[in-house]
1. Can you go through A:VAL380, A:VAL447, A:VAL361, A:VAL393 and tell me which one is within 16 Å of RNA strand B (Cβ to nearest atom), over 29 Å from A:SER328 (Cα atoms), surrounded by 14 or more Cβ atoms within 10 Å (Cβ to Cβ) and in the same structural domain as A:THR329 (by TED's automatic domain parsing)?
2. In region A:288-308, what count of residues is obtained for those that are within 17 Å of A:GLY387 (Cα to Cα) and more than 9 Å from RNA strand B (Cβ to nearest atom)?
3. Quick check, is A:PRO500 of a type outside the set (A, V, I, L, M, F, W, C), in the same structural domain as A:LYS538 (by TED's automatic domain parsing), more than 30 Å from A:ALA386 (Cα to Cα) and without any contact (Cβ under 8 Å) to a residue 40 or more places away in the chain?
4. Can you tell me which residue is farthest from RNA strand B (Cβ to nearest atom) among those in region A:873-897 that are farther than 22 Å from A:VAL936 by Cα and of a type in the set (A, V, I, L, M)?
5. Does region A:760-770 include one or more residues that are under 31 Å from the mean Cα position of the chain (by Cα) and either within 16 Å of RNA strand B (Cβ to nearest atom) or in the same structural domain as A:LEU658 (by TED's automatic domain parsing) (or both)?
6. Please identify the pairs in which a residue from region A:916-937 that is in the same structural domain as A:LYS891 (by TED's automatic domain parsing) has its Cβ atom under 8 Å from the Cβ atom of a residue that is in a strand (DSSP E or B) and small (Gly, Ala, Ser), counting only partners at least 6 apart or on another chain.
7. Could you list, ordered by first residue, the pairs with Cβ atoms under 6 Å in which the first is in region A:389-417 and within 13 Å of A:LEU358 (Cβ to Cβ) and the second is among the aromatic types (Phe, Trp, Tyr) and surrounded by fewer than 21 Cβ atoms within 10 Å (Cβ to Cβ), at least 6 apart or interchain?
8. Considering only residues that are closer than 25 Å to A:PHE206 by Cα and within 15 Å of RNA strand B (Cβ to nearest atom), which ones fall in region A:252-269?
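The values are calculated or read from the model by the stated rules, or taken from the named source; none is laboratory data. Small disclaimer: the values here were computed from a predicted structure and weren't measured. Glycine gets a Cβ as well: all are built from the backbone with ideal geometry, and neighbour counts include every protein chain shown.
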Amino acid sequence: MNYLFREIEKRWQKYWKSSQIFKGETHSKKPKCYVLDMFPYPSGAGLHVGHPLGYIASDIYARYQRSQGYNVLHPMGFDSFGLPAEQYAIQTGQHPNVTNETNIQRYKEQLEELGFSFDWSRELRTSDPSYYRWTQWIFLQLFNSWYDQSLSKARSIDEIIKIFEKQGNLKIKASGDKIEPFNADQWSGFPWKRKNEILQNYRLAFRSETIVNWCPALGTILSNDEIKEGKSERGGHTVYQKKMTQWSMRITTYAERLLKGLDQIQWPEALKETQRNWIGKSFGAKISFSILDKPSLNIEVFTTRPDTIFGVSFMVLAPEHSLIGEISTSEEKKSVEEYLQASKKRSERERLADTKSLSGVFIGAYALHPFTKEKLPVYVSDYILAGYGTGAVMAVPAHDERDHRFAKKFELKIKRVIHGGDDVQKQAYEAKEGQCIHSDFLNGLNVKEAILKAIEKIEEKKLGQRMINYRLRDAVFSRQRYWGEPIPIYYKKGIALGIPQENLPLCLPDIDKYLPTEKGEPPLQRAAYWAWDEKGQKIVSNELIDDKNVFPLETSTMPGWAGSSWYFLRYMDPENKDALINSKVEAYWQNVDLYVGGSEHATGHLLYSRFWHKFLKDQGYVSTEEPFKKLINQGMILGDSAFIARLEKSQDFISVDLIKDQKTQQIHVDIHLLKNGNELDIEKLKEWRPEYAQAKFIMKDGKFFCKRKVEKMSKSKYNVINPDEICKQYGADTLRMYEMFLGPIDQTKPWNIRGISGIHQFLRKFWRLFYTKERFYVESTPPSYEALKILHRTVKKIKEDIPRFSFNTSISAFMIAVNELNAIKCNNREVLEPLVIIIAPFAPHIAEELWMRLGHKNSVSFAPIPEYNERYLMEEMIEYPIMFNGKLRFKMNFPSEIDEENIKKTILKHPQTEKYLGKRNIIKIIFISKKIVNIVL
RNA sequence: GCGGGUGUGGUGGAAUUGGUAGACACGCCAGACUUAGGAUCUGGUGCCGUAAGGUGUGGGGGUUCGAGUCCCUUCACCCGCACCA
């Protein structure tokens, strides 16, 4: 009768694998439910106990939905392009695919051991040419599209050509940089090259010279979300600013839709807020300031506070601003030049580091105030960002903190125009409250009214217009790396052209070394066959490049987020060779009903996926506006790191309890090197790190202790606990339930093995319910009312908990049920069988085993979830807490149907009442049916 | 600095609508049992107190018959953004 979990779990894992019962049906009359996990990058370290947290939760949900009668799509795959495999390839010369294959096998084994109900027939890998063929295909669609702002929709580039042929670009409202206007005749007169340059400006995948975050140590550029505090997120290398021509994605054109869509989806509020901040919408005005003695030139600024226009006392331009050269005077030219040079050298990190002291120089020019015609000195300063707004500001020191500091430093005028706050000579008053003063036509208006009035006036006088600005930047799309999708582009006379779709995939070529070339070009430059034969429609040797028929191919590759931005669609139709996805299949599965993953993807993956999805919708390939209807974040699991202390400037280590005033460095050591709690096994350490073989260890009583600290579980911190060890010891069902029992799914929590035995014992107890005298035996006779009550209460609780993802409370409900059924010695089939069904999503192996032993031939995975009957949830007797002035004094039982008056009477007669009443009078009695009685004195 | 989140026993946590704070589990204490099994069973366990009782959800204040829950204020920690005009 022992619960032999090893044997049981092996049997059912084998069965699930061979029977393929978790295959999502492509054509089904059942309602669909798409449950997805963020697919992992297959790193060499394998899974640790933090990974499965989300997988377990989604698996419970998927299994529950199957039992509820849904056709569930629950796939898994691998985000297999990425840096670690490439880094390893650089070091060892081994092709990244080899490393990948090994790692993926390990991951799959680990995932199977945990009993997940994945549909492995749909497994995909982003580095597989049959997959990235379609990533490249989407890229070409973006390349061949422009955004029509009047329709709020992406359209084919062929259509814009037709429009140009008819009317030039005079009427068109499209996303792109400002371009000289041209009419239809001019368009048809443009040479081929010019036409293509113009089109380039409208494409959603386009090349642009951008200031990028160049990381020489990684040999690549990084996106903003890959940088943490000025250093690369991976490896912590220094990042520099560099101008480069790069592929970009016009995500900014979708800013408004990305923002609006957030209201339609059920995501954690924190995550939505992060995206809102990242998109950073602000409303204001664009205002032109003319320049003294240069009537043809204007400085355009963006401001969210046009109400403070009469408080402007100077102007500031970003160092990259294009007008600086033209308008700075000869006297100031030298100091301006010096300043620009100096600010170029300052890395982003330095610029961010000292936000307190502002630098800048006067450039000699003056702008004219649009209303007062006052002379406003123009400065250049790197506190102005070239990439935001227009790269220039009208400075209002009285009402903007940074402008204030700048004004103080350069002794510029500070003019109050909003009433409120302290002395503006000492401190800026930034609040958007108060009435306008010294502001001509704005006087007396409050800030909100004044903003609108000012814009109205500005538009009326043609000085500018209202403007909505976004903080969101276009996404840089190229990487100077090997291990990514090749960008399907070739260059004809310097013009980028797409490889015809029929020729995809453009496969990654083999190269001798995975490093950049000596000249610093991307690794693909090393490929001998990396040229496009336009006529022959094939890849040929570089030697054949003649710029007539054979042209060089693009050598940068796509970023990590390319493949992950649409993989959820491919799972719906993974084998399709003719299309990204069949439209009928798409119409059925639509989008993801539940997406589970980490919140760290808030501004990367989750934003890019939404962007691509919206684009594909515009193109008619998908029917939904949002890819992930509901999303939950699993919390981080923290590990208990161990450190050894090294005395500074020495090779001597000191036991943590002996440290007094000495300065020490803390060095992470693998937690598996510890014994008896915090004691270090020095021999094991020396094996692990041979460089410490000769080190001296200062010990107390022959023991050496480590310092512990709870921090994020990660390979680099050597605090990783693998699920394999726990599976071996307690089984997958125990691990699954234990991880869920740890607390709310979305909360960060430390990993602690201490409580796991409780779960294991619970499963044993559950198992024993089915045994009498060492034999499997269940009664067919009707169960007691008490037993039915326990069952129905539990079913109700679980049905309420699962949709809320409150799995920790479900588990405690199971525990209560098993404890109570055990106490009344219930072994009725009528009670135990439904219990097996409802516990199956949580502990599927034991459930399958018991289900089989109960005599069923089919898997428990599709057995319908039992219904509960309210009849069994009624209590005949209610225990009322009797409170005096809100304090619980004693308890009394009453039949649930008894009326209020009767209860009050009985309570007042109770001897305890007299005691608590004393000489005081009752003011009133609060009676809440089936809850409490409170006597107010 | 801005935005978001979290604070409850020795520990993980529960309390879904303002209604018995600490469910369930770990740990600990006491006991029973013995085919010595990662056993099982019984009882106890927030804190102070022998007890009556008092006290208690980060701190302070408020609303209410009644507050972990609502409001104000304050502190600590975590996450995200950060010269965004």
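1. Answer to the selection: A:VAL447.
2. Qualifying residue count for the region: 2.
3. Here the answer is yes, as A:PRO500 does meet what is asked.
4. A:MET874
5. no
6. Short answer, once both residue conditions are applied: none.
7. A:ARG402/A:TYR383
8. Scanning region A:252-269 gives A:THR252, A:ALA255, A:LEU259.
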